[in-house]
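Readers should treat all values here as calculations from the given coordinates under stated rules, not as data from a laboratory. Keep in mind it's a predicted model, so treat the numbers as computed, not measured. Here Cβ is always computed from backbone atoms with ideal geometry, including for glycine, and neighbour counts include all displayed protein chains.
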Amino acid sequence: MRITQALIVSMIPCFSSHALDLSLNYGVGVGNSAKAHSSQVKIVSVSAYENISNHFFKVADLGGYIDSSSQYGGKSSGHTSYSLGIKVEPSIFSIRVSHGVGLISHPDNYLGGMFQFFHNFSIGVKDTGVAKIGIKYRHISSASIYKRNIGRDFCMAFLEHRF
């Protein structure tokens, strides 16, 4: 229960009263995250984006992944992260890159400890400024802080809306 509480509390970043973009993300594990088959590792998360300036943003993410390929020592886990990023949004396209820190609830053979680094790259198409749809690549790794550090990689689709 304490881990769940820590994950939820860490999701409460100091957002101001500016507009938030909320994103629903769903995807599958790729590369080392899916040694048997990508359908065995799935991820879902909700991200809250806030602009810092025209090209910089901060994002808080809360979610989890399910790993049904226990033969490789993987476990399902909740996760939360807080990242800073840079974006380029010419016309209807959006490109974002962010890096940050986070926690996972259940370390395993892929991620050896609770503290992790989160890296995201996304490409999307937006309408008149309210909605956005696209794809996102996420890498989670401890940067070799822990001996077990294969890392996890995900390819996700996202749907985003501005509030």
| field | Of Lys87/Lys126; Lys87/Lys132; Lys58/Lys132; Lys42/Lys126; Lys75/Lys147, those spanning more than 20 Å from alpha-carbon to alpha-carbon | value | Lys42/Lys126
| What is the spin-label model distance, in nm, from Val88 to Arg148 if the labels are put 7 Å beyond Cα along the C-beta direction? | 3.9 nm
| remark: If Leu24, Leu62, Leu111 are placed from fewest to most neighbouring beta carbons inside 10 Å, the sequence is Leu24, Leu62, Leu111
| task | Would you kindly state how much longer the chain becomes between Ile52 and Val125 on full extension, computed as 0.36 nm times their sequence separation minus their alpha carbon distance, in nm to one decimal? | result | 24.2 nm
